[in-house]
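Student: Before we start, here is the structure in question, set down as structure tokens.
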Amino acid sequence: MPEPKADWQEMGLTRQEYDRICSLLDREPNYLETGLFAVLWSEHCAYSHSKPVLKLFPTTGQRVLQGPGENAGIVDIGDGQGIVFKMESHNHPSAIEPYQGAATGVGGIVRDIFTMGARPIASLNSLRFGDLSGPRVRYLFSGVVAGIGDYGNCLGIPTVGGEVGFDPSFKDNPLVNAMCVGLVEHGQIRRGAAAGPGNQVLLVGARTGRDGIHGCTFASEELSEESEQRRPAVQVGDPFMEKLLIEACLEVIAAGLVVGIQDLGAAGLTSSSAEMAGRAGTGLDLDVALVPRREQGMTPYEVMLSESQERMLLVIEPEREQDVRRIVEKWGLEATVIGRVTGDGIYCIRDGAAVVAEVPVRFLTDEAPVYYPQIRQPAYYEERRSWTAADIPVPDDLNQVLRRLLAAPNIAGKEWVYRQYDHTIMTNTVVRPGADAAVLRIKGTRKGIALTTDCNARYCFLDPFQGGLQAVAEAARNLSCVGAEPLGITDCLNFGNPEKPEIFWQFREAVRGLSEACRILDIPVVSGNVSFYNETGGEAIHPTPVVGMVGLLPDIDKRCTGRFQHPGDAILLLGRFRPGLGASEYLAFIHGVEAGQVPDLDLFAEARVQACCRTLVCSGLLRSAHDCAEGGLGVALAECCIGGGIGALIEMPPTGAGSKKPEVEVDITNVGNKMPEAGVDITEAGADRVEQREDNLLFGETQSAIVITCAPARIPHVLRAAREYDIPCLALGAVGGDSLVIRHTSGRIMINLPVGEMESLWSESIPKLMA
Amino acid sequence: MKFGIVVFPASNCDMDTYHVVDQVLGHPVSYIWHRERSLDGFDCVILPGGFAYGDYLRAGAIARFAPIMEALPSFAERGGLVLGICNGFQVLLEAGLLPGAMRRNDSLQFRCRDVLLRVENTRTPFTSRYRTGEVIRMPIAHGEGNYYADSKTLKQLEDEGRIVFRYCSGDGEILPEANPNGALGNIAGICNRRGNILGLMPHPERCSEAVLGNSDGLRLFQSILHWWGDAREQEAVRHA
């Protein structure tokens, strides 16, 4: 018989960690104390594996009002207003119980936002699932979407954007990353610090039950056959309670009654109270007997570790208690004083008269071990990189390829998802889901904000460093397409088991990539979350460092979407056209090959392309702008046609100035001789030659390229701007007709598809798969 | 003209509706807490969208027992205008101020999108600024908008012209494919016999400003102001 596990083992601590606790305390911890350490030292709370790597992120900047370390980050948008935002994972709970797992993921991130004093004004998400052909995957997908919808819809917070991706590596370990965005007046910003010895600690909201005990430990281990037994570690959400909590807390904060405030998330009362004391350098004296319960017979351990949802911890001055109580009770909620702030730095838990735990706060919050795991480049890396397209035949029927790609779940329209999310409530949503980025107006100003989430997990798998770079670059490009200047990033880093050297290599490389892109594009990281142990049966997910980004539009009326608008408009490609088949959706979906080099990226050129695009949008010169991403230029053009309900005539490869372009009657040769001569950008120093095969021209993926349209009379202005930013701008064709026609310069028609047919394929694909 | 917006626990379109009355129409408006018992001083009371009391049991089923609801029938009898939007419509049904009931959408899913509506009756205080048969666009966002009434009630609603909005196609045809939730007769909004209580599932407050790309909903609010102005005028004439 195997030896029974010690309590500390059961709770997820290692021998080394347990020994460290004993030496810090100079004694053995009791059962409850062991539990406190186990949750606060878990990867989820302590970032023990990731901390040294996360230091790579640039986190400061002129716009940063609050960087990492608080409940959420804040960027300045002028006029005394700030945008509060953060993204967080709820992967493991959603793998076991998709509806509640996703719902409580939303609930948790929303609390992080209003905790800071901000009114939540938008939610986004980033989701990954396995292949939709599997019934379990469809169950997870529909459950997660319904859970996100039902929770957010009840709160009245619009879910305005996000992304959904599908790859077999997420089959049993879906990713559910929820982001929330709030608006705050600078003077209303609150922080989670338990300052002022003698102040009261007030627990507000739902009663405490046995749900979710050890949820964060669960999040810090791989999924296995036994995970199903963790179902009780998944919490149950009550959005009605959360809505009341939002209103009550914002009212209490607005009345100036709060010293510090923090939500109860992972590790419940333990982490929220210890973190608040840790930030303020104070101690706490809490009595678990005072905590209102929804179940009888709960032990101090269960009360301290419960992850019951919809609870907040407030630190207030004793003389404010009645004022706070009046507001909280108006909203039909309970508020209970459960202890007080002390000056001795000791975390003291009582159960009535008896002291049941007593440890210095900083042992819990600052003394968790930091790991520097081994790093090893995985064997697959060089192997997959060395792939070349030579063995792949060019399909004869490229129309059919485009048809199939438009219906590919990664590319197809996601209305099936976002029609289940209320995205118009709060009457700020100016650009709705389905665009490159969502745009919200800020009432009472001319400003708008733009929001997006982004990550190409396949790029990150094949080349984590490049994938990291591109996640940031593409998110920023999405914002630039609508006309917004990127202000800040929240990240949600989803990886496998960091104790495996190959996984930690992926993690470090990806963070290096993200950090470098952040530095060069000058976009600080203000908040984030790490989710490790996303593995099932020893198989890790594709590394998925999701970027959530917030941008600012100075004038909401100067914005763009990707939709083609007017017949006769010129279609141009702003930026480089250097497509490659490696790592492309085309290669994976049509040919079943996941290999090759990801598109390369020159971040300095990228920055210029984005700045140019923003300048053009903000000066009202463009009719549309759409990022070239999965599926390459062919799919990007199809999306522009579908969005606008209008066709286009395109000639490829784009050859730049001087070439004859179909239907564009304006002579674009006379705007100056610095127009990039070689439209395909093949002359750029050091660049590889563009592979001229037709499938590559149409579906090869490229970075730093934006499909734009403008009235023909505006072409000279657009070209002048491109020249000023020293970037290529290539003429592609013209908007018009009922079909997308793409003609090779040789005269061969590569694509000729009616817009109506493309629209049906694109919009009906996911509903059909889910029917 | 004084507007009041009832706030139930977890009403969540209260601020949106307030914004339209206050900032777009520029008329006096205040919130009415659900525990209050009087509607004195108000001319138009709006029950906003949301999830009153979490919509537990059934949408609107608990809200109908809120103290403020006791004041609503007499307010309407005195001629006050009552507008129930989305959850507000559900509450009006549960309270028996409008006939029929809501079931879950036939898709069994929440639906958020724009719908097209045919304006069936422009003689109500809420619709005079539309043309009869006009096709307008409004956002919906609900999980329980599948209107049901027995055939007798339905016939009565038809005969009395109390079906105010129906989901329709682009050219105004009442087709099943234009129906987002399975509502009988593609019904999106109905009124009481007197015409001063209107309930509708779509959200006029979400389409009352050009920046949102659609201001078809604004005319519903302008109709209210217009009607109230006329009513006042007639009253003045009567007194003179």
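Student: Find the centroid of the Cα atoms in the range B:74-89 and in the range A:396-466, then give the distance between the two in whole Å.
Tutor: Value for the Cα centre distance between the two parts: 39 Å.
Student: Now for a separate question. Taking the Cα-to-Cβ direction at A:Thr615 and at B:Ser38 and moving 7 Å from each Cα, how far apart do the two end points lie in nm?
Tutor: 6.4
Student: Take the alpha carbon atoms of the range A:53-117, find their center, do the same for the range A:178-210, and report the distance between the two centers in whole angstrom.
Tutor: Spelled out, the Cα-based centre of one part sits 14 Å from the other.
Student: Something else now. Can you give the FRET efficiency to the nearest 0.05 for A:Gln692 and A:Gln16, using r as the Cβ-Cβ distance and R₀ = 56 Å?
Tutor: Once the sixth-power term is evaluated, E becomes 0.45.
Student: Just to be sure I understand the model, the point goes 7 Å from the Cα along the line to the Cβ. What's the resulting A:Tyr31 to A:Leu290 distance in nm?
Tutor: Roughly 2.5 nm, to one decimal.
Student: Multiply the residue gap between A:Ser23 and A:Asp323 by 0.36 nm, knock off their C-alpha separation, and tell me the result in nm, one decimal place.
Tutor: So the chain would gain 103.5 nm between A:Ser23 and A:Asp323.
Student: Which loop trypsin sites (Lys or Arg not before Pro) in the range A:28-103, with loop taken from DSSP, have no more than 14 other Cβ atoms within 10 angstrom of their Cβ?
Tutor: Counting only loop positions with at most 14 other Cβ atoms within 10 Å, the trypsin sites (Lys or Arg not before Pro) in the range A:28-103 are A:Lys55.
Student: So what's the angle, to the nearest 10 degrees on a 0 to 90 scale, between helix A:755-770 and the longest Cα principal axis of chain A?
Tutor: 30
Student: What are the ³J(HN,Hα) values, in whole Hz, obtained from phi via the Karplus relation 6.51 cos²θ - 1.76 cosθ + 1.60 with θ = phi - 60°, for each residue of the range A:60-65 in sequence order, with x given for Gly and Pro?
Tutor: 10, x, 4, 8, 7, 9
Student: Further, regarding this structure: For a quick check: with amide H placed at 1.01 Å from N, whose amide H comes under 5 Å from A:Ile571's, ignoring anything fewer than 5 positions away on the same chain?
Tutor: A:Leu732, A:Gly733, A:Ala734, A:Val735
Student: Further, regarding this structure: By how many nm would the segment from A:Thr60 to A:Glu185 lengthen if fully extended, with 0.36 nm per residue of separation less the alpha-carbon distance?
Tutor: 43.0 nm
Student: Once the Cα atoms of helix A:268-280 and of chain A are each reduced to a long axis, what angle between those two axes, in degrees from 0 to 90 to the nearest 10, is obtained?
Tutor: In chain A, helix A:268-280 runs at an angle near 90 degrees to the longest axis.
Student: For chain B, modelled as a Gaussian network with Cα springs under 10 Å, which listed residue fluctuates most, B:Arg58, B:Arg78, B:Arg166?
Tutor: B:Arg78
Student: Let me ask you something else. For B:Ser107, A:Ser50, what's the fewest-to-most ordering of other Cβ within 10 Å of each Cβ?
Tutor: B:Ser107, A:Ser50
Student: Along the charge dipole of chain A, which of A:Met426, A:Gly237, A:Cys710 sits closest to the positive end, that is, farthest toward it, with unit charges on the beta carbon of Lys, Arg, Asp and Glu (+1, +1, -1, -1)?
Tutor: Value: A:Cys710.
Student: Could you give the dipole magnitude of the protein assembly as shown about its Cα centre, charging the beta-carbon of Lys and Arg +1 and that of Asp and Glu -1, in debye to the nearest 20?
Tutor: 2400
Student: Each residue of the range A:131-148 in turn: what ³J(HN,Hα) in whole Hz from Karplus with 6.51, -1.76, 1.60 and θ = phi - 60°, glycine and Pro shown as x?
Tutor: Rounded to whole hertz, the list is 6, 5, 6, x, x, 5, 5, 5, 4, 5, 4, 5, x, 5, 5, 5, x, 4.
Student: When a/c is below 1.5 the answer is rounded, else prolate if a/b is larger than b/c, else oblate, so apply that to the range A:344-498 with a ≥ b ≥ c taken from the square roots of the Cα gyration tensor eigenvalues.
Tutor: Taking the square roots of the gyration eigenvalues as a ≥ b ≥ c, the range A:344-498 is oblate.
Student: Based only on other Cβ atoms within 10 Å, what is the fewest-to-most ordering of A:Tyr47, B:Tyr56, A:Tyr586?
Tutor: If I rank by nearby Cβ atoms, fewest first, I get B:Tyr56, A:Tyr47, A:Tyr586.
Student: Let me ask something additional. In the range B:138-240, what GluC sites (Glu not before Pro) fall in a loop by DSSP, with at most 15 other Cβ atoms inside 10 Å?
Tutor: Taking the range B:138-240 and a limit of 15 other Cβ atoms within 10 Å, the loop GluC sites (Glu not before Pro) found are B:Glu160, B:Glu173.
Student: For the range B:132-240, with only Lys/Arg (+1) and Asp/Glu (-1) charged at the beta-carbon, what is the dipole magnitude about the Cα centre, in debye rounded to 20?
Tutor: Result for the range B:132-240 is approximately 320 debye, rounded to the nearest 20.
Student: Now a separate question. Tell me the angle of helix A:603-618 to the major Cα principal axis of chain A, expressed in degrees between 0 and 90 and rounded to the nearest ten.
Tutor: Between helix and principal axis, roughly 80 degrees.
Student: For A:Ile253, B:Ile187, what's the fewest-to-most ordering of other Cβ within 10 Å of each Cβ?
Tutor: Going from least to most buried by this count: A:Ile253, B:Ile187.
Student: Write down the percent of antiparallel bridges among all DSSP beta bridges whose residues are both part of the protein assembly as shown, to the nearest 5.
Tutor: Antiparallel bridges: around 75 percent, rounded to the nearest 5.
Student: Another question, if that's okay. Testing the spin-label approximation: label points 7 Å from Cα along Cα→Cβ at B:Leu175 and B:Gln234. State their distance in nm.
Tutor: 3.9
Student: While we're looking at this one, here's another question. Taking the range A:461-570 on its own, what percent of its Cα-Cα pair distances exceed 17 Å?
Tutor: The proportion of pairs with Cα distances above 17 Å equals 58 percent.
Student: Between A:Glu358 and A:Val236, how high is the FRET efficiency from 1/(1 + (r/R0)^6) when r is the Cβ-Cβ distance and R₀ = 30 Å? Nearest 0.05.
Tutor: The computed FRET efficiency comes out at 0.40.
Student: Using only Cα atoms, what Kirkwood radius does chain A have, in angstroms?
Tutor: 26.8
Student: Take the alpha carbon gyration tensor of chain B, find the square roots of its eigenvalues, order them as a ≥ b ≥ c, and report rounded if a/c is under 1.5; if not, report prolate when a/b exceeds b/c, else oblate.
Tutor: In terms of gyration-tensor shape, rounded.
Student: Moving on. Could you run the Karplus curve 6.51 cos²θ - 1.76 cosθ + 1.60 with θ = phi - 60° over the range A:406-411 and give me ³J(HN,Hα) per residue in whole Hz, x for Gly and Pro?
Tutor: Here the 3J(HN,Hα) series is 5, 8, 5, x, 5, 9 Hz.
Student: Cα gyration tensor of the range B:118-240, axes a ≥ b ≥ c as square roots of the eigenvalues: rounded (a/c below 1.5), prolate (a/b > b/c) or oblate?
Tutor: oblate
Student: Mind scanning A:Lys51/A:Lys414; A:Lys86/A:Lys414; A:Lys443/A:Lys558; A:Lys243/A:Lys414; A:Lys51/A:Lys500 and naming the pairs with a C-alpha gap bigger than 25 Å?
Tutor: In this structure, A:Lys51/A:Lys414; A:Lys243/A:Lys414 exceed 25 Å between Cα atoms.
Student: Once you charge only the Cβ atoms, +1 for Lys and Arg and -1 for Asp and Glu, what is the size of the charge dipole of the range A:271-378 about its Cα centre, to the nearest 20 debye?
Tutor: My answer is approximately 260 debye.
Student: Turning to a different aspect of this structure: Determine the distance separating the Cα centre of the range A:696-732 from the Cα centre of the range A:562-604; give it in Å without decimals.
Tutor: 14
Student: For B:Glu144, what residues show an amide H to amide H distance below 5 Å, using hydrogens built from the backbone and excluding near sequence neighbours?
Tutor: The list, which skips near neighbours in sequence, is B:Asn105.
Student: Then there's this: Which of the GluC sites (Glu not before Pro) found in the range A:249-336 are in a DSSP loop and have at most 15 neighbouring Cβ atoms, other than their own, within 10 Å?
Tutor: A:Glu295, A:Glu334
Every number here is computed from the coordinates shown, using simple stated rules; none is lab data. Since this is a predicted model, take the numbers as computed values, not measurements. With ideal geometry, Cβ positions are generated from the backbone for all residues, glycine too; neighbour counts draw on all protein chains shown.
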